[in-house]
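Before I ask anything, here is the structure I am working with.
All of the numbers you see were taken from the coordinates with simple rules; none came from a lab. For clarity, every value in this text was computed on a predicted model and none was experimentally measured. Every residue, glycine among them, receives a Cβ derived from its backbone with ideal geometry; neighbour counts consider all protein chains shown.
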Amino acid sequence: MKSHYPLVVIGAGPAGMACAISAAQHGVEVAVLDAQASPGGQIYRDVAKASNKKQRLLGGDYAAGAKLVKKFERSNAHYFTNASVWYLDNERNIGVTQDGKSHRLTADAVVIATGARERPMPIPGWELPGVMTAGAGQVLLKSAGVIPNSPIVLAGSGPLLLLVAQQYLRAGVTINAILDTTPKANWPKAKSLLPHALLATEYFLKGAQMWAAIKVARVPIYKEVTNIQASGDSSLKQVSFDSSGNSNSIDTNLVLLHQGVIPTVHMAQAAGCKTQWDDGQQCWQVETDSWGQTSRDGIFSVGDGASSGGAKVAQISGELTGLQCAHTLGEIGRNARNKYAKMLWRYRKRHDSI
Amino acid sequence: MFKRIDGESTAEVSIMLDGERINVPADISVAAALLLRGEQHFRNSEIDSSFRAPYCMMGACFECLIEIDGRKNQRACQFNVTEGMNVRRQLAVPQSEDVK
């Protein structure tokens, strides 16, 4: 690892990979620091080593990540694995630890692409063994090929919950119930955004397919669920909840919770980048211009770590940020940058509309 | 509680868990390996001694802390098992109960 790179990208999910590929293509010397052992971030976690069976289980979106990973591995980017960044300041000084050894480096431009994490969903008993997140289920499946072998409960709201349900049903896992906490009031609000969202019909189709899989498997779905509690002695035994005015409880030793994902903004905050509270998403986001430039000179933030948009938006945004870095570092002129960016803006608008 | 899907590699490594030699699938995290064995008790909470196990599996929650090769408080979900790895669960209750 050198002590200086023109561009350092932190994170190797879709945004980080796309950014590094794009910048490297335009002649920028770029180092990618990845806390994981292989590229993909969370969404494409371990996609390069995934068996055909696993790819079929996880679905087309996951398998598509393999293409991006291949492109990244073939690029000229210097890729550092098991490299955990623990320091970043507004002058782009970076502290990173790899294999127990600390390194300090500097960069002319830094791109923070550290992604998102699940919105914590504290419920009574959430510290019990057997209470995990939907994302945890995903990691177990993607990285270890591990799935539950006894009936489970899914609880919360959001697309990832449905995706996990669909994948688990495909894998033969029994789902005893889905506890949908989406409040009744949200549906009319969502409907008002419908015309705008129809620009991204494929997302709707995917959502419809997920619901269909759940209906076909006759998984009991409880709506407008509130007051979820997990109980047990040394581990989870039961989940109780209210739904449509009734109290219920279900015996289970595994419940996966989910309330959407939120940007992990710590690194941007540590570097002094401005963040803003987004009321619609109920989370902090990094303030950036449309190229991903934050309020700190030379520091960019892109992908789900800046604001939640999903993998496709992250990839497109990453490529745009890579272009901008190539431009600010003097490798391509403004016209060339704009020429490459034009198509990307259009793609991003479509995916963002959902 | 957990099992492996078909089609995964059958490679294994042997590790020590609390002094006992066990065989686990290679190339998976310590957390996944323990969960696969039905292990639901990774550590005792330092505050109330309750049993704790992984929650997020991605390094954000710090619930899966375990001792690996003599280093305490390692996130079990962040390290893959290696041949001969020495894993110890952190089961000690606070030393200074009376000083609380």
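To the nearest whole number, what is the average tally of beta carbon atoms from other chains within 10 Å of the beta carbons of peptide A:134-141?
5
Under the rule that a partner needs its Cβ under 4.7 Å from the first Cβ, which Cys of the protein assembly as shown have none?
Singleton cysteines: A:19, A:273, A:283, A:325, B:64, B:77.
Quick check on chain B: helices-only [θ] at 222 nm, where DSSP H runs of length 4 and up contribute -39,500 (n - 2.57) each and the sum goes over total residues. Nearest 500, please.
Theoretical 222 nm ellipticity from helices: -1500 deg cm²/dmol.
So how far apart, in nm, are the two label points at residue A:248 and residue B:46 if each is 7 Å from Cα heading toward Cβ?
Computed distance between label sites residue A:248 and residue B:46 equals 4.0 nm.
Additional query: Order these by the 10 Å Cβ neighbour count, fewest first: A:121, A:267, A:132.
Ordered by Cβ neighbours within 10 Å, fewest first: A:121, A:267, A:132.
Also: Using a cut-off of 13 Å between beta-carbons, work out the net charge of the residues near residue A:130 (Lys and Arg +1, Asp and Glu -1, residue A:130 not included).
Combined, the nearby Lys, Arg, Asp and Glu give -3.
Pop out the ³J(HN,Hα) list for the range A:13-18 in order, Karplus 6.51 cos²θ - 1.76 cosθ + 1.60 with θ = phi - 60°, rounded to Hz; leave Gly and Pro as x.
The phi angles translate into x, x, 5, x, 5, 4 Hz.
Please report B:20, B:63, B:39, A:118 as a ranked list, fewest other C-beta atoms within 10 angstrom at the top and most at the bottom.
B:20, B:39, B:63, A:118
Please name whichever of A:96, A:347, A:50 sits farthest to the positive end of the charge dipole of the protein assembly as shown, dipole taken about the Cα centre and charges placed at Cβ: Lys and Arg +1, Asp and Glu -1.
A:347
Report the semi-axes of the equivalent ellipsoid for the protein assembly as shown in whole Å, largest first, where each axis is √(5λ) for an eigenvalue λ of the Cα gyration tensor.
Here the semi-axes work out to 35, 29, 21 Å.
Then there is this: Can you put A:91, A:319, A:331 in order of Cβ neighbours within 10 angstrom, beginning with the fewest?
A:91, A:331, A:319
Of the options B:30, B:49, B:70, report the single residue whose Cα projects farthest towards the positive end of the charge dipole of the range B:1-87 (beta-carbon charges: Lys, Arg +1; Asp, Glu -1).
B:49
Additional query: Helix A:311-328 versus the longest principal axis of chain A: what is the Cα-based angle in degrees, 0 to 90, to the nearest 10?
Helix A:311-328 sits roughly 10 degrees off the main axis of chain A.
Enumerate the amide H contacts of residue A:232 below 5 Å, restricted to partners 5 or more residues apart or on another chain; note that Pro and chain-start residues carry no placed amide H.
A:237
Report ³J(HN,Hα) in whole Hz for each residue of the range B:11-26, in order, from the Karplus equation J = 6.51 cos²θ - 1.76 cosθ + 1.60 where θ = phi - 60°; Gly and Pro get x.
Calculated HN-Hα couplings, in order: 4, 10, 10, 10, 10, 9, 10, 6, x, 9, 7, 9, 9, 10, x, 6 Hz.
Highest mean first, what order results for B:49-62, A:337-350 on Cβ atoms within 10 Å?
B:49-62, A:337-350
Using the Karplus curve 6.51 cos²θ - 1.76 cosθ + 1.60 with θ = phi - 60°, what ³J(HN,Hα) values do you get for each residue of the range A:213-226, in whole Hz, with x for Gly and Pro?
Running phi through 6.51 cos²θ - 1.76 cosθ + 1.60 with θ = phi - 60° gives 4, 5, 5, 4, 7, 6, 6, x, 10, 9, 10, 6, 6, 9 Hz.
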